[in-house]
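> First the structure, which I've put down as structure tokens, then a few questions once you've had a look.
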Amino acid sequence: MIKAIIFDLGGVVVFNNYGYILQDIVYRTGESKKKVSDNIDLILPDFQKGLMSEKEFWNKFAANTGITPPKNYQDLWISEYAKGYKEDPKIINIIRDLKEKKYMVAALSNTIAPHTKYLEKKGIIGLFDKAILSNEVHMRKPDREIYELTLRRISERAEECVYIDDVAEFLESPKSLGMQTIHYIGSKSLVNKFSELEIL
């Protein structure tokens with residue numbers, strides 16, 4: 001019997017185009033997209049794990065690349081994120097319906113501190129009974145440990161949980177733990193999957 005539904009956030013509940021964020025960073029640093037992107041990819045995992053502050057992230061970026069971030073570096077991660085931010089009202093209504101039906105509804109997301117603050121301000125984090133966010137728990141998907149932590153936080157057995165993510169790679173660990181998994185491709189498909197599992 002399914003008791004808990006666990007949602008990824010970005011690409012499922014909310015949407016943003018990372019390309020625009022990267023483009024803004026490239027524009028404001030005046031460097032090539034490849035140089036900026038390669039170095040962000042190198043240090044972003046630790047930022048997502050909350051192992052460095054935003055200032056430390058950009059200091060590390062500067063040390064690796066020789067690029068001096070703009071004085072207003074605090075704005076680099078959030079300006080385009082906020083401009084392109086969208087919520088999916090259908091998914092938000094599904095989350096509310098699940099809670100009315102007394103399911104435990106949790107969020108599990110790789111994110112960074114500036115985006116967590118923005119999502120809190122928008123009320124997205126408050127939609128969930130529990131929110132396991134990589135920058136707060138110092139782990140990130142697809143590491144098995146973050147899924148194990150999620151199970152402990154929600155106090156449910158893996159077999160009683162469904163995990164939803166738009167990234168197929170992030171479904172492998174929860175599946176190996178015994179969770180039901182859904183590769184998210186849209187709200188209509190999700191409702192059909194829930195119907196098959198007799199959830200909604």
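> Give the number of residues within segment 9-48 that are touching a residue at least 60 places away in the same chain (Cβ under 8 Å) and in contact with a Ser or Thr (Cβ under 6 Å, 6 or more places away or on another chain).
2
> Is there a residue in segment 147-169 that is in contact with a Pro (Cβ under 7 Å, 6 or more places away or on another chain) and part of a helix (DSSP H, G or I)?
Looking for residues that are in contact with a Pro (Cβ under 7 Å, 6 or more places away or on another chain) and part of a helix (DSSP H, G or I), one finds at least one in segment 147-169, hence yes.
> Let me ask you something else. Which residues, taken from segment 129-160, are touching a residue at least 60 places away in the same chain (Cβ under 8 Å), β-branched (Val, Ile, Thr) and more than 18 Å from Ile95 (Cα to Cα)?
Val137
> Take segment 110-128 and flag every residue that is of a type in the set (A, V, I, L, M, F, W, C) and in contact (Cβ under 8 Å) with a residue 24 or more places away in the chain.
Those that are of a type in the set (A, V, I, L, M, F, W, C) and in contact (Cβ under 8 Å) with a residue 24 or more places away in the chain: Ile112, Ala113, Leu119, Ile124, Leu127, Phe128.
> Give Leu9, Leu22, Leu51, Leu42 a once-over and let me know the one that is among the aliphatic types (A, V, I, L, M) and assigned by TED's automatic domain parsing to the domain that holds His183.
Among Leu9, Leu22, Leu51, Leu42, only Leu9 is among the aliphatic types (A, V, I, L, M) and assigned by TED's automatic domain parsing to the domain that holds His183.
> A further question on this structure: Considering Trp58, Trp77, which residue is under 15 Å from the mean Cα position of the chain (by Cα) and of a type in the set (Phe, Trp, Tyr)?
Every option except Trp77 fails the conditions.
> Let me confirm something: among Ala131, Ala158, Ala168, which residue is touching a His at 6+ places or on another chain (Cβ under 6 Å) and either at pLDDT 95 or above or over 21 Å from Val14 (Cα atoms) (or both)?
The unique qualifying residue is Ala168.
The values are calculated or read from the model by the stated rules, or taken from the named source; none is laboratory data. Being a predicted model, the structure only gives us computed values, none of them experimental. Methodologically, a virtual Cβ is constructed for each residue, glycine included, from the backbone with ideal geometry; neighbour enumeration extends over all protein chains shown.
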